[in-house]
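Participant: Following this message is one structure expressed as structure tokens.
Readers should treat all values here as calculations from the given coordinates under stated rules, not as data from a laboratory. Keep in mind it's a predicted model, so treat the numbers as computed, not measured. When we count neighbours, we look across all protein chains shown, and the Cβ atoms used for this are built from the backbone with ideal geometry, even at glycine.
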Amino acid sequence: MKFFDLGLDDAGLRDDLGRAFNRVLDSGWMILGPELEAFEQEFAQTCGAAHAIGVGNGYDALVLSLRAAGIKAGDEVVVPAHTFAATWLAVVAVGGKPVPVEVDEATYTITADGVAAALTDRTAAVIPVSLYGHPVDMDPLRELAERRGLFLLEDAAQSHGAAYKGRTTGSLAHATAFSFYPTKNLGALGDGGAITTDNPALAERLRKLRNYGSAKKYAHEMAGVNSRLDEMQAAFLRVFLGRLGDANARRRAIAAHYGEALRDLPGLRLPAEANWGRHVYHLYVVRSADRDGLQARLREAGVDSLIHYPIPCHLQPAFAELGFRAGDFPLAERLAGEVLSLPMWPGMGAEAVQAVAGSVARESVAP
């Protein structure tokens, strides 16, 4: 069983994508044109935000958001200890210092209490990550950030369409960074990213930063970069955006099927959903003390799985200068040794889900 499928054979999808493709060709616009403008408006509306700014990828969405907020060399930025490295790399890219905190063991997201304990006089920002598709408990974090004058940037690369207390991811922080990598809940047919915000001044700075620091051709107001979501990907994303709600509903149905089939297996911990959140299951992540053995046995049974993420950020060579050692963040290290992502994509049929669940049930106990 494969781990993921783009689902390009879904009913009517290729025709819709073909029309989007031809629309861009017919327009003659390839960069910063009407498709991007339309997508930005539609995505902002979907997120419940005032502004959306399309950029080249999710990493750039994080970096440019930090730059636009004025995060600079020497500033401390609180980040999750358990996350994909891009969250930390974005902080390093602007000269900041990542300050990791452990995540909540049920939701794999950071909490206001954990962040508060890590704050110093040098703290300038907090990046909560809505990991695996589960939203962050954002209200206490926003209250803390506003009380302490901190920039709150949500990394929502894995949670398009997730909800927190009835509000959609993308409208909960001072700014929210998204990735449109093809395997995301809302994925392009290449790379892409976006930032949403309700702050018009921040949105204006972001639009300049993504385009060489320029709002007017050849007039460069700041040292910007070239990071623009192109017209073709914007057009494709408009197609996928219209299908996002249904796709997320199918992901939740698959997760419910997995949960029913796997709930009584000893030694296997299943994903949780907080009563204030709506999980969209970018990944279906289980935990096992025998993770490596389970993965090997599933591979032999023909079931693909992935590990997100096998090396915690504080032990990555890229961050060696921060001086962390094994044992500094025991939960993050334990998660790195236990998490296993099972196959998950919106078009995964009930028979496929049952086949994977059956294999996990048979292989979850070592022979």
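Participant: How much FRET efficiency would the formula 1/(1 + (r/R0)^6) give for Ala320 and Asp15, where r is the Cβ-Cβ distance and R0 is 35 Å, rounded to 0.05?
Facilitator: 0.10
Participant: Residue-wise, which Karplus ³J(HN,Hα) couplings in Hz belong to the stretch 160-169, taking 6.51 cos²θ - 1.76 cosθ + 1.60, θ = phi - 60°, and x for glycine or proline?
Facilitator: 4, x, 5, 9, 10, 6, x, 9, 7, 3
Participant: Under a plain spin-label model, where a point goes 7 Å from the Cα along Cα-to-Cβ, how far apart in nm are Ala201 and Asp246?
Facilitator: About 4.4 nm separates the two model spin labels.
Participant: On to the next question. Taking H placed 1.01 Å from N in the peptide plane, check which residues at least 5 places from Val99 or on another chain put their amide H under 5 Å from its amide H.
Facilitator: Val77, Val78, Val79
Participant: Additional query: With contacts defined as alpha carbon pairs under 8 Å and 6 or more residues apart, what's the relative contact order of the chain in percent? Spell out each step's value before the answer.
Facilitator: Working: 773 pairs, mean separation 78.4, N = 367.
Contact order relative to length: 21 percent.
Participant: A further question follows. Between Ala163 and residues 5 or more places away or on another chain, which pairs have amide H atoms under 5 Å apart, with H built 1.01 Å from N, and which residues are they?
Facilitator: It is Thr169, Arg278, by chain and number.
Participant: Quickly rank 4-11, 180-187, 216-223, 345-352 as a protection proxy: mean count of other C-beta atoms within 10 Å, highest first. Provide the component values of the computation, followed by the final result.
Facilitator: Values: 4-11: 12.6, 180-187: 21.4, 216-223: 10.2, 345-352: 14.9.
So the peptides 4-11, 180-187, 216-223, 345-352, ranked by packing, come out 180-187, 345-352, 4-11, 216-223.
Participant: To the nearest 20 Debye, how big is the dipole of the stretch 261-360 about its Cα centre, given +1 on the beta carbon of each Lys and Arg and -1 on that of each Asp and Glu? Write down the numbers at each step before the final one.
Facilitator: Details: 9 positive and 11 negative charges, 30 e Å.
Here the size comes out at about 140 debye.
Participant: For the stretch 317-326, what does the Karplus curve 6.51 cos²θ - 1.76 cosθ + 1.60, with θ = phi - 60°, yield as ³J(HN,Hα) per residue in whole Hz, taken in order and with x for Gly and Pro?
Facilitator: x, 4, 10, 4, 5, 6, x, 7, 10, 4
Participant: A follow-up question, please. Mind listing the long-range amide H neighbours of Ala215? Cut-off is under 5 Å, sequence gap 5 or more, other chains count too, H placed in the peptide plane at 1.01 Å from N.
Facilitator: Correct list: Glu221.
Participant: Follow-up question, since we're still on this one. Short version: ³J(HN,Hα) in whole Hz for each residue of the stretch 306-314, in order, from phi by Karplus 6.51 cos²θ - 1.76 cosθ + 1.60 (θ = phi - 60°), x for Gly and Pro, what are they?
Facilitator: In residue order, the calculated couplings are 9, 10, 10, 9, x, 10, x, 4, 5 Hz.
Participant: Return the loop-located trypsin sites (Lys or Arg not before Pro) in the stretch 246-308 (DSSP other than H, G, I, E, B) with at most 12 other Cβ atoms within 10 Å of their own Cβ; answer none if there are none.
Facilitator: Working: sites: Arg250, Arg251, Arg252, Arg263, Arg269, Arg278, Arg287, Arg291, Arg297, Arg299; in loops: Arg263.
Taking the stretch 246-308 and a limit of 12 other Cβ atoms within 10 Å, the loop trypsin sites (Lys or Arg not before Pro) found are Arg263.
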